[in-house]
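Okay, so here's the structure we're looking at.
The values are calculated or read from the model by the stated rules, or taken from the named source; none is laboratory data. All values reported here derive from a predicted model rather than from experimental measurement. Here the Cβ positions follow ideal geometry from the backbone for every residue, glycine too, while neighbour counts run over all protein chains shown. Areas reflect the complete protein model, heavy atoms only, side chains present, ligands, DNA and RNA absent. Shrake-Rupley method; radii C 1.70, N 1.55, O 1.52, S 1.80 Å.
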Amino acid sequence: MVDSLFYFFAAMMLAAALFVVVSRNPVNSAMGMILALVGVGANFFLLDAPFLGVLQILVYAGAVMVLFLFIIMLLDVDQAAKIPVPWTTVLFGLVLLAVFSGAVWWLVNGADALPTPENVSATPAALPGAENPGAFTSGAKSFGYSLFTKYMLPVQIAGFLLLIAMIGVVTLSKKQKQA
Amino acid sequence: MNAYYSELFSFHLPEVILTGGALLVLAADLLLGKFSSEPVRRALAALLGMLAMGFAAEALSPYLRGDTSALGQLCLLGLSGLTLLLIAGTSRLRHPAEHVALTLFATVGFSLMVTANNLLLVFLAFELSSITLYILAGFDKSSPASAEAALKYFLYGSVAAAFLLFGFSLLYGLTGEIELAELGAKLSVLPASPLLVIAWIMILAGFGYKAAAAPFHLWAPDAYQGAPAPSAALIAAGSKLAGMLLLVRLFAEIGFSPLGPALQTALALLIAASLLLGNVAALVQSNFRRLLAYSAIGHAGIVLLMIGIAPADPQMAFGDVLYYLLTYGLASVGAFGVAAVLEANDARGQKLSDFAGLWQRSPFLTICLLVFILSLAGVPPLAGFFAKFNAFYDVLGSLDSAALTSSPFFWLVLLAIAMSAVALYYYLQVLKQAFIAPAEETRPLRIALPATTALLFAAAGIVLLGIFPEHFLRLLF
């Protein structure tokens, strides 16, 4: 059951992601991206991480993509013009595709060298507490707990990252007065 | 505040001071900016920024002996400080407070890159500095070239960041660890899997972009050409130093893995491509900034050569890279400073021919340019020569002397030496314009006081590091 659900959502993600690239209408592309992100969220559920799955759908598929749509509609972007692609670009793209497919093939064939539970982790996933605050669990409470203890610094840095982006947007988009 | 938070606070005190300084600069401009003119606002912002850097350096000083990463942070502060002086000296750009604050934020990113000890922090610090630099590259809103520079830098940069993150997540997937020390311990017992190779190639692609190594260099000429001079100086000097010190640490901590040879081959290809493409393409440039960009690609090749020995001797590689990129950074900040002075005076100064007759117009500027260019070319007794000499000496010394010719790194060192001779040609072209070519424009140049200070500090740093390298190197080894 879980397997077939995984295949269903994975296929949905891939198809939607392909649609994002291929579609000429930006609004349709954004819709495709929402679908792809919902697929990612569903896969988080299947991996026993319901909290991440909910966040994925709430934040990405919900808030971020709605903002995308707003901006696309505000800018009133028309259908992308048909730009002829030179054959060298096509050739280069095909070569890259071949290299990448080869790498994936090599990866799948070398799958017996993938890590096994023995050589990766000796300690089972424990509940977080005072002595091991960042232990792996999937609940919202432990997630919040580790964000404010073990991952305090990354959280703060991410916050300042957003501040910097905001300063940049305000500075760059402000109308320049004639000097 | 519990013990954990206060420990975190004191460990990252320099970054906290810089961040506080950036916020203070913004707040001061918000409160006082309405009542003062543009030059006053610029001076105030730059002064507060310099103060924040001074306090951050003060917070670092107890750790300087015995902790080379603190020394790396101090060098980054110095390079960013010189950039701040360049900002204070350019009157063309608007929004001085935001400019200074963003430079401080970029420095926070650099500083975190040098000290980060887990993959999450590494990536966040990488992005903190990158996003700030994208904004700074597009800071000149009156120039379409600046917008183009920012867009290209941003597009390449975000793809590179995606590669880096993908590589990191593969490493995490393989081991379940993000702390570098534990990650290294677990990787060393893993069999060589294709997954590990792909993870490392993606990480190399991400850092290759940061270093502007071929074939990930495509953004560099346009970004160097279009970005405002202080931003270009920051991209060339601070960003590169921080990125490469971080790569040395990654190699040292998690590079010991069964795939050493495969990784070395990939690195050797990057080095050879950078050395050849950078130096040969620089020969035909007629634009000073593009010439600097292509020469930067060549220098990236030499830096990666030093990084190649990092798994064998991390301490030595860290010191060599720090010394090399510090001298390189001082020279690039200086060269961009000279270009900025010319641009401020003539509203041009990008072409090599714009340097014609510089000796008659400002002997001081020409002497500074001479020091910077000769140091980039690696002419003794300037610091650039000792940096290069040190690099080649240590790389050759780390090779197995019995099988010298079978190592790719031996041939790469020979290639790098040959390419240094090629580089001398295009560097001397600049000096030929400045000293010999007849002047089209004979007005004497006016140089703002902060820019003079920055040029003086950079030139003095290069000369002193070249004549007395032992005082600096003693702190490192």
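Details
- Summed over the residues of the protein assembly as shown and divided among them, the accessible surface reaches 46 Å² per residue at a probe radius of 1.4 Å.
- Expected-Rg normalisation [2.2 N^0.38 Å, Cα atoms] applied to region A:137-179: 1.88
- In this simple spin-label approximation, B:Leu414 and B:Ser286 carry label points 7 Å from Cα along the Cα→Cβ vector, and these lie 3.7 nm apart.
- Spin-label model distance (nm) - B:Arg65 vs A:Leu69, 7 Å beyond Cα toward Cβ: 6.4 nm
- In region B:162-266, one over the average inverse separation of all distinct C-alpha pairs is 14.8 Å, which is the Kirkwood hydrodynamic radius.
- Coordinate range of the alpha-carbon atoms in region A:1-78 per principal axis, descending: 43, 24, 11 Å.
- Set of aspartates and glutamates near B:Lys34 by C-alpha distance (under 20 Å), chain-local residues within fewer than 8 positions excluded: B:Glu98
- Stokes-Einstein D in µm²/s, Kirkwood radius over Cα pairs - region B:228-345 at 4 °C with 1.567 mPa s viscosity: 86 µm²/s
- Carbon plus sulfur fraction of accessible area for the protein assembly as shown, probe 1.4 Å, in percent: 73 percent
- Here the Karplus relation 6.51 cos²θ - 1.76 cosθ + 1.60, evaluated at θ = phi - 60°, turns the backbone of region B:74-82 into coupling constants of 5, 4, 4, 4, x, 5, 5, x, 4 Hz, with x for every Gly and Pro.
- Once the Kirkwood radius over Cα pairs is known for region B:1-64, the Stokes-Einstein relation at 37 °C and 0.692 mPa s delivers a diffusion coefficient of 252 µm²/s.
- Computing FRET efficiency as 1/(1 + (r/R0)^6) for B:Leu269 and B:Asn117, where r is the C-beta to C-beta distance and R0 is 30 Å, gives about 0.50.
- Cα-based radius of gyration for region B:350-469, normalised by 2.2 N^0.38 Å, reads 1.34.
- Taking 0.36 nm per residue of sequence separation and removing the Cα-Cα distance, the B:Leu396/B:Ser169 pair yields an extension gain of 78.3 nm.
- For region B:161-176, the Karplus equation 6.51 cos²θ - 1.76 cosθ + 1.60, evaluated at θ = phi - 60°, returns couplings of 5, 4, 4, 4, 5, 5, x, 5, 5, 5, 4, 5, x, 6, 10, x Hz by residue, with Gly and Pro reported as x.
- Between B:Arg446 and B:Leu473, full extension at 0.36 nm per residue minus the direct alpha carbon distance yields a gain of 6.0 nm.
- Shown here: the protein assembly as shown, whose C-alpha atoms stretch 82, 69, 62 Å along the first, second and third principal axes, sorted largest to smallest.
- Proximal lysines relative to B:Lys432, as straight alpha-carbon distance under 23 Å, when same-chain residues fewer than 8 apart are discounted: B:Lys351
- Across all C-alpha atoms in chain B, the radius of gyration and Dmax reach 21.5, 72 Å.
- Of interest is the spacing of the C-alpha centroids, which for region A:1-51 and region B:63-119 amounts to 41 Å.
- P(r) histogram, all alpha-carbon pairs of region B:104-173 included - 10 Å bins from 0, percent: 21, 42, 28, 8, 1
- Between region B:280-320 and region B:136-178, the alpha-carbon center distance in angstrom: 20 Å
- Hydrodynamic radius (Kirkwood) for region B:30-151, which is based on Cα pairs only, to one decimal in Å: 15.5 Å
- With a Förster radius of 41 Å applied to the C-beta separation of A:Val95 and A:Leu46, the computed FRET efficiency comes to 0.70.
- Amide hydrogen proximity for B:Arg94: with H placed 1.01 Å from N in the peptide plane, the residues at 5 or more positions away or on another chain lying under 5 Å are B:Lys141.
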